[in-house]
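K.L.:
What follows is a structure written as structure tokens; I'll ask about it next.
The values are calculated or read from the model by the stated rules, or taken from the named source; none is laboratory data. For clarity, every value in this text was computed on a predicted model and none was experimentally measured. So basically every Cβ, Gly included, is an ideal-geometry build from the backbone, and we count neighbours across all protein chains shown. Calculation scope for accessible area: heavy atoms of the full protein, side chains included, ligands and nucleic acids excluded. Shrake-Rupley method; radii C 1.70, N 1.55, O 1.52, S 1.80 Å.
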Amino acid sequence: MTTQQENDRSDKRICVYCASSQRCHAQYRDAARRLGEILSDQGFSIIYGGGAVGSMGALADGALSRGGNVIGVLPKFMMDLEWGHQNLTELRVVEDMRIRKHIMLSQSQGLVALPGGSGTLEELFEAITLKRLGLYVHPIVLVNTRNFFAPLVTLLEHAVSERFMDSRHLRMWQVVQSPEDVPAAIATAAAWNSDSREFATVR
């Protein structure tokens, strides 16, 4: 790959949050693999948590099967436990979870959240919070496989109705029903910038 191609890829780098569970419904892993294939086919690079199993492994395998560029970011203790995917384009081993999250988000131009557990949800909420503060201004897309995110979206809408958030904050994310809808959601996401700080606090 030439330097120009590498630069083009980095300009289309998508962070993907997903899970490592191998016991969840197979549809979640199938959706993760399709997302990897679709993002790669669309010319996106993927930066994700670096895992080899569950939706994480399926995502990476799908992208790699299409010749995609996949960057994993793995805390050292997970590497010591041999949780890392060994066939990625690049596997970055970092000191801790905090650095992992910072690298994944700060080096992306968009974020896709797949269903997952507490770790996935924690990462997603941090990204939403940073977007609310105008510190992350890129698209956030939730892939609603098996209607997984419906309760979360209801909760966030309730936070707005109870005036903990502004109604404009509902534009910070998009919900799609399948991986095939992700590229269009990224392309049509509402514009966002640091001006959002003007309504970050509900007055």
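K.L.:
Considering only protein heavy atoms, with the full assembly of protein chains and a 1.4 angstrom probe, order 99, 46 by accessible area, largest first.
P.N.:
From most exposed to least exposed: 99, 46.
K.L.:
Next up: Quick one: pull the percent of accessible area on the chain belonging to carbon and sulfur, 1.4 Å probe, ligands and nucleic acids left out.
P.N.:
Summing carbon and sulfur atoms, their accessible area is 50 percent of the total for the chain.
K.L.:
Follow-up. Taking amide H positions as placed in the peptide plane 1.01 Å from N, state which residues far from residue 142 in sequence (5 or more) or on other chains have amide H under 5 Å from it.
P.N.:
Under 5 Å from the amide H of residue 142 lie the amide H atoms of 113, 174, 175, 176, each far enough along the sequence or on another chain.
K.L.:
Tell me which of 194, 67, 79 sits at the most positive position along the dipole axis of the chain, charges placed on C-beta atoms (Lys, Arg +1; Asp, Glu -1).
P.N.:
194
K.L.:
Could you order 172, 79, 165 so the one with the most accessible surface comes first? Probe is 1.4 Å.
P.N.:
79, 165, 172
K.L.:
Another question, then. Based solely on C-alpha atoms, express the radius of gyration and the Dmax of segment 78-164 in angstrom.
P.N.:
Rg and Dmax of segment 78-164, Cα atoms, are 15.1, 47 Å.
K.L.:
At a threshold of 8 angstrom on Cα-Cα distance, excluding pairs fewer than six apart, so keeping six or more, what relative contact order does the chain reach in percent?
P.N.:
Taking the mean separation of contacting Cα pairs over the length of the chain, I get 20 percent.
K.L.:
Oh, and also: For the chain, just the Cα set please: Rg and Dmax, both in angstrom.
P.N.:
Rg, Dmax (Cα atoms, Å): 16.4, 52.
K.L.:
Dipole of the chain, Cα-centred, from +1 at each Lys and Arg C-beta and -1 at each Asp and Glu C-beta, to the nearest 20 debye?
P.N.:
260
K.L.:
Over segment 28-139, what is the relative contact order in percent, taking alpha-carbon pairs closer than 8 angstrom and at least six residues apart?
P.N.:
21
K.L.:
So what is the accessible area of segment 1-154 per residue, in Å², with the probe set to 1.4 Å?
P.N.:
Accessible surface, normalised per residue, equals 45 Å².
K.L.:
Once the whole set of protein chains is in place, how much accessible area is left on residue 138, using a 1.4 Å probe, in Å² to the nearest 10?
P.N.:
60
K.L.:
Shifting gears a bit: Give me the number: length gained by fully extending residue 125 to residue 195, i.e. 0.36 nm times residue separation minus the C-alpha to C-alpha distance, one decimal in nm.
P.N.:
Difference between extended and current length: 23.2 nm.
K.L.:
While we're looking at this one, here's another question. Compute the length gained on full extension between residue 159 and residue 23: take 0.36 nm times their separation in residues and subtract their Cα-Cα distance, giving the result in nm to one decimal.
P.N.:
Between residue 159 and residue 23, full extension yields an extra 45.8 nm.
K.L.:
Can you compute the helix-only [θ] at 222 nm over the chain? Use -39500 (n - 2.57) per DSSP H run of at least 4 residues, normalise by all residues, nearest 500 deg cm²/dmol.
P.N.:
Roughly -12500 deg cm²/dmol at 222 nm, from the helical runs in the chain.
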